[in-house]
Amino acid sequence: MNNAFADTPIKVEDAITDKGKLKVDVGVTYSNSDNQNFAVGESVLVQTGTNSFVQIPSSISEQRTNQDHLIGTLGIRYGLTDKAEIYSRTSYQYSQIRSSDSNGTYQYNENRLSDTWLGVNYQFKKDTETPAVLGFAEVALAERYPDKLRSFQSAMVGVTTYKVIDPVLLSLNLAYRMSRASKQGENRYKSGNFLVISPAVAFAVNDKITLNGGVQWIYKNADKYNDKQNTHNQTSTDMLWGLTYSPSKDNIFDLSVKSNISGQKGADLNFKWQHQF
């Protein structure tokens, strides 16, 4: 049986990395979105894991944009105790943005480091007669805001609870991300805080393959540019689908798709490989 916690696909029985052990995660995410009346500083959220998001803010205002983003993510996890692990991840992005306004059409490319995070996962309770409970907290060591890397601009906290009723796993994920304002030249930019709620179900086909499905709801406060809201608060609902393949205890492959139902248009396709040393 498999599930996801923090930002990596995991086996339930190995929710926290064994004490003294090291795990490496390598992931690739493709995202496409189409937006109208895109404001200066307004960001696109690209989801690279269960609770990991890369925010890509706009540096210009457009009437309409169609965006493709390819993001590579490298992460490491180290077991501190039987209940706690520390982790870090870094993401690098390539983006192609096509836009149009009253003056014509444009296209430009971006190729840059997106962010670096440091966090901790902690298992408060294992799955017994009552559901398991795990929590996490992380801070952005570096983050694009919007054109330069800034430190300690954002933090995220969350909790995951799950219950195994063999061969089904039921889970609920709650997370909240907070950001503070950053001054860049004469301008001041703040990405809106957002809340993530995601119930999910996983079905173990056999001891190697698990099918995953769920719904994700996000409430995001408006981004601010020069202390003024450049758009309204937004909600979005997405369907989550995935397949996890575990050929051995030390290797997990995860393929997932996020498809928008309502709110911001777009979809994310994510592939991740995790190896334990």
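None of the figures in this text is laboratory data; all of them are computed from the coordinates on show. Just so it is clear, the model here is predicted, and its values are computed rather than measured. FYI the Cβ positions are ideal-geometry reconstructions off the backbone, even for glycines, and counts take in every protein chain you see.
Each of GLN234, SER248, ASN270 was scored by the projection of its Cα onto the charge dipole of region 216-277, and the greatest displacement toward the positive side belongs to GLN234; charges sit on the C-beta of Lys, Arg, Asp and Glu. Cβ-Cβ distance of SER259 and THR90, R₀ of 35 Å, FRET efficiency by 1/(1 + (r/R0)^6): the value works out to about 0.85. Phi angles of region 204-215 translate, via the Karplus equation with coefficients 6.51, -1.76, 1.60 and θ = phi - 60°, into HN-Hα couplings of 7, 5, 7, 6, 10, 10, 10, 9, 10, x, x, 10 Hz per residue; Gly and Pro are given as x. With the charge dipole of the chain set up from +1 on Lys and Arg Cβ and -1 on Asp and Glu Cβ about the Cα centre, the Cα lying farthest toward the positive end among the listed residues ALA15, SER88, ASN173 is that of SER88. Label sites at TRP273 and SER248, each approximated as a point 7 angstrom past Cα along Cα to Cβ, lie 1.3 nm apart.
Using the Cβ-Cβ distance between TYR108 and GLN229 with R0 = 30 Å, the FRET efficiency computed as 1/(1 + (r/R0)^6) comes to roughly 0.70.
For region 98-213, lysine pairs with C-alpha atoms less than 26 angstrom apart, excluding pairs fewer than eight positions apart on the same chain, total 7. Rg/Rh for region 165-277 (Cα atoms only, Rh after Kirkwood) is 1.11.
Near ASN193, the amide H atoms lying under 5 Å from its own belong to SER179, ASN221; only residues 5 or more places off or on other chains count, and H is placed 1.01 Å from N. Annotation: extensible slack from VAL201 through THR237 equals 11.3 nm (criterion: 0.36 nm per residue apart, minus Cα-Cα distance).
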